[in-house]
Structure formats: C-alpha cells, structure tokens
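The values are calculated or read from the model by the stated rules, or taken from the named source; none is laboratory data. These numbers come from a predicted model, not from an experiment. Here Cβ is always computed from backbone atoms with ideal geometry, including for glycine, and neighbour counts include all displayed protein chains.
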Amino acid sequence: MVFRKFTFTDVIRYYSRSEIAKEIAEYARGRWIALEGESKESKRVFHRYWWREGPPLTINSEFMVRSILAKFKESKPRTFYATVNVYSKLSSRSDLEDPSNIIYATPVWDIDGSLSDIESTLKAAKVIIESLESFGISKSIYLKWSGRGLHVHIHEKAISDDVRREIHPLDIAYSIVDYILSINASKLKEIAENAKVGERPFKIENKIDIQRVFTIPLSLHRELDLAAICFKPDELDDFDISWANPDKPRHNIKWREYIEGEADELAIKAYKEVGGYFIRFGGFRRKAKSISVKKALRIPVVRGKIGRFQVMALLQAARYYLLKGDLDKAKSFGLNRAIFYAWAKYHKPRYGVSKRTFMKQLLGMDNKKQPHEVIGGELAFLSPNGWFMIGDQEQRPEDYDKQVAEKINSIIDYETAWRAALEYLKRFPKITIEDQRKFYEKVYVPVRDSFEKVIQDYLATKKYLEEED
C-alpha cells in the first residue's frame, strides 16, 4: 500500500485536526513529552523542554499540541513521543529526578520489524498477548502500530493502587515486560530466527526506562507517512497496514479501557522473579536488553548472602563518602549507623518513654556539648579521636574492616561491593541521600535482602560496557 508523500504543511494540517489533537492530548496527559524534528543540517533533533533551562515538555490539552508545534516550527516538528511514566506533577526539571513523583508506568513490549515482514511482527505480538491472557489479562491490553513495528501495552491503571503502594510503578512495568519475555524466550527466538531479512533487524525488546519514550497514539512516524494507530487484541488477525493511513487512520479509542487490578497477579509474580528496574539500573539505563542480541557475559558470581547489618554499614559508608569525601570517616560512620539501627530495632522505646529520652539512653549521651556531626538530619556523636561513637565505644575504620569488609569479602571481593554501592547510590537524587528517612526507605530497604543482585548487575553492566568499548 502506497500513501501520498507528506510535506511539512501536510504534517501541520494533520495535527490541526481536532480528533487527532484530542487523542494525542488524552494519552500524553501527565507524561513527559519529546518532539522530534530536523535541525538546519537535516539531522534529527529532539525537544524535551520548553526552553534550554526550562521545565519539561507536557501536553494537557488539544490547544497545547498546536502550541508546541508553533513554538518549535523552525525544526519542522513531526513526531510526538511520551514516557512510559505518568507523573504526579511536571512543573520543573526536579520533578523528573524524584522517583516518588511517578504514579503510573506503562508496561510496553517493543517489537521492531520491517514492513516487508509484518507477519513476523504480528506472530510475536500474539505470543505476548496469549501469555498475558494466561494471567487473566485481556480487557487492559492494547496494541499500537508504530511504523515498522508494534508496541504491545498493558494499561497502567490495570495495576491497583494497593500494589503500586508496595512496588514502585517503574519496577512493576520493567518486571512485567522482562518476565513475559523470559518465559516466552524460546517461542520469540524462533520467530526472530525465521523472520525474513528486511530493511531493519527483527528485535523484541524490553526498553522500559525512566527516560524512555514511545510514539504517542496517532502521532506520525518520524520517517514513514504512517500514523501510530491503536487496536485491541481481537483485531490482531485482521490488521492491515492501510489502517495506519494518516489521511484516514483506523484507530481504536478503546485503548483507554482497563480493569483495575487485572494485572496485579502478574505484577507481583514478575517483581519477585525479576527484582525491578531500580535494583538493576537505578535512575538511568544505558542499554536495552534484546532477546535477539543477548551477550553471554562471564562475570563473577556472588556466592552467599550478605547480611542486613553489612548492607546497612556498606551503604551508610558509601553515603558518607559521597557527601563528605573522607573514606576513613565513612567507614566509621557506616559501622556506627549499622550498630545504631541494630540496637534501635531490638531496644525500641517502651510505652511512656519519649523518643528523645530513648535516644539519649541508647547513645549514652546526655551532654549537649559532646562533639557530633549531623548527616541528613541524623545526629552522630564523635570521640576525642574524631571517630563516630555510641555510648563510650568508638567505631574505628579497622573495626569496620573486621566487622563489615571481611564479612563481605568472604562472599564477593569487597572492593567490587564498595564500587557497586557507590554506583547504586549515585542513581538517587541528592535530597534522598541526605534525608535520613528517605535514605532508609528508598535506598536501604529495597535491597537489604538482595544486595547481591545490585553487585551482579553492576558487574554485568561494567563488563558489557567494556566489551562495547
């Protein structure tokens, strides 16, 4: 099927159609937008902020679609993209740095094929859909033809509020996509291997990322004069590329439909199996994983389990080091905090005893003039030698080496664990690292029983990047 060639004037006319602009705005609401056009050198250019130091691009109405096109008209804008994440607010760049600002994340499977072999793309989509249906998910699935390939979506609201309160939305989206790919790897691999040689390699990928954007429904493709149209699973067998004709797109508005909680069972199971996005990649992911281009990375194995005490000490030491830059005092602080939290866990205040009184009793410090440091709202006393202390016992760097480093070293090289901890903490905004409560809840708790995965993923990423170089 050959469609007429679109000029830039045609592009503007297309987006000026009310039914197109309204649909784009409906999907884009709450998401971070990217707009693609051309530079003066005819190179691809992406606009993601209203101006150089301005807030993120957003679309909340039909009018804003036209406003964005007008603002960036010099680069001949053509294609709209949106993040998998839906945010609570997007008024400043700092809103993008706070993971707690993400309220939903859309699970999306990216099937990248060729127009000369649409059949393979549809076969892969069918495998994914049948797998999702085996978990009781049907109403909340929709598909989007993206140009040369297909995106399979689960509506983000198919995961209930209860589950999203327990598991971060981005962890849910990443885990679901990864888990379904893994349990269907053999079937998808066979489709990929038998795909016809086309204009692009055939790939099925997990591209879920904190900054990842996908084409917005009814946006034009960046090169092809095709519209990104949505349809439901029961229309899969009837799909024809003519549906994507931008002059008369056959687009199913039922992509909005979902059943809350329909994907809860899969979300919980997938998260338990995969471990989530943040443990693997932190804030920003370097490479997407493709089942057609997997690399067998030979990396050291973490043999054993690192205890919570050692994980707390290691992360607190890394925290202090990133904030202050003093390695010896970082070790002292790490051991000090690990002891403090261990004592606090087993010696909680009794009824009628205030937290302040309890803290004094626990620390053995009633003298307000006692030397101390305040790290992220936490007060930690110092010995005359300058090391952190609890009661009359100071925590020296050599004590850390014996109680923490040696224990970790029996499981994995300590220096490797230390570097993994530093890289893990760098994924979080500084405000989280500095804040006592946020550090405990968002940094320590998610990995206290699974820090071995953080180390393994650090090693895998390091090895992969070395091979890429």
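Taking segment 431-455 as the range and being farther than 21 Å from Ala342 by Cβ, surrounded by fewer than 18 Cβ atoms within 10 Å (Cβ to Cβ) and within 18 Å of the chain's Cα centre (by Cα) as the test, only Lys453 passes. Here Arg165 clears all of (1) of a type in the set (Lys, Arg); (2) at pLDDT 95 or above; (3) farther than 29 Å from Ser16 by Cα except the condition numbered (2).
Taking Ile24, is it buried (at least 16 other Cβ atoms within 10 Å of the Cβ), of a type in the set (A, V, I, L, M) and either in contact with a Leu (Cβ under 7 Å, 6 or more places away or on another chain) or in the same structural domain as Arg212 (by TED's automatic domain parsing) (or both)? So Ile24 passes the test. Do we have any residue at all in segment 57-78 that's in contact (Cβ under 8 Å) with a residue 12 or more places away in the chain and within 18 Å of the chain's Cα centre (by Cα)? Checked against the condition, which is being in contact (Cβ under 8 Å) with a residue 12 or more places away in the chain and within 18 Å of the chain's Cα centre (by Cα), segment 57-78 yields no hits at all. Residue pairs whose Cβ atoms lie under 6 Å apart, separated by 6 or more positions or on different chains, with the first residue in segment 308-329 and in the same structural domain as Val374 (by TED's automatic domain parsing) and at pLDDT 95 or above and the second part of a loop (DSSP other than H, G, I, E, B) and surrounded by 17 or more Cβ atoms within 10 Å (Cβ to Cβ), do not occur. One residue alone among Pro217, Pro246, Pro201 is farther than 21 Å from Ile129 by Cα, within 26 Å of the chain's Cα centre (by Cα) and touching a residue at least 40 places away in the same chain (Cβ under 8 Å), and that residue is Pro201. So is Ile159 over 30 Å from Asn101 (Cβ atoms), at pLDDT 95 or above and not basic (Lys, Arg) or not? Against the criterion (over 30 Å from Asn101 (Cβ atoms), at pLDDT 95 or above and not basic (Lys, Arg)), Ile159 does not qualify. Among the residues of segment 277-294, the ones that are modelled with pLDDT of 85 or more and either part of a loop (DSSP other than H, G, I, E, B) or in the same structural domain as Leu459 (by TED's automatic domain parsing) (or both) come to 0 in all. Among helices (runs of 4 or more DSSP H) entirely within segment 151-228, having at least 3 residues that are of a type in the set (D, E, K, R) and assigned by TED's automatic domain parsing to the domain that holds Ser242 singles out 161-166, 185-194.
Here Ala405 clears all of (1) surrounded by fewer than 16 Cβ atoms within 10 Å (Cβ to Cβ); (2) more than 30 Å from Asp98 (Cβ to Cβ); (3) not aromatic (Phe, Trp, Tyr) except the condition numbered (1).
List, please: which pairs have Cβ atoms under 8 Å, are six or more places apart or on different chains, and start with a residue in segment 117-132 that is in the same structural domain as Glu265 (by TED's automatic domain parsing) and of a type in the set (D, E, K, R) and end with one that is surrounded by fewer than 20 Cβ atoms within 10 Å (Cβ to Cβ) and in a helix (DSSP H, G or I)? Note: pairs meeting the criteria are Lys126/Leu236.
Considering segment 113-167, and only residues there that are of a type in the set (S, T, N, Q) and more than 20 Å from Asn85 (Cβ to Cβ), the residue that is surrounded by the fewest Cβ atoms within 10 Å (Cβ to Cβ) turns out to be Ser134.
Residue by residue through segment 443-454, note down the ones that are over 15 Å from Glu423 (Cα atoms) and either touching a Cys at 6+ places or on another chain (Cβ under 7 Å) or not in a loop (DSSP other than H, G, I, E, B) (or both).
Val445, Pro446
Would you pick out the residues in segment 62-100 that are part of a loop (DSSP other than H, G, I, E, B) and of a type in the set (Val, Ile, Thr)? Across segment 62-100, the qualifying residue is only Val84.
Here is a yes/no grid of residues against (1) basic (Lys, Arg); (2) under 25 Å from His251 (Cβ atoms); (3) at pLDDT 90 or above; (4) not in a loop (DSSP other than H, G, I, E, B):
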position: Glu23; (1), (2), (3), (4): no, yes, yes, yes
position: Tyr27; (1), (2), (3), (4): no, yes, yes, yes
position: Gly30; (1), (2), (3), (4): no, yes, yes, no
position: Leu35; (1), (2), (3), (4): no, yes, yes, yes
position: Glu41; (1), (2), (3), (4): no, no, no, no
position: Asn60; (1), (2), (3), (4): no, yes, yes, no
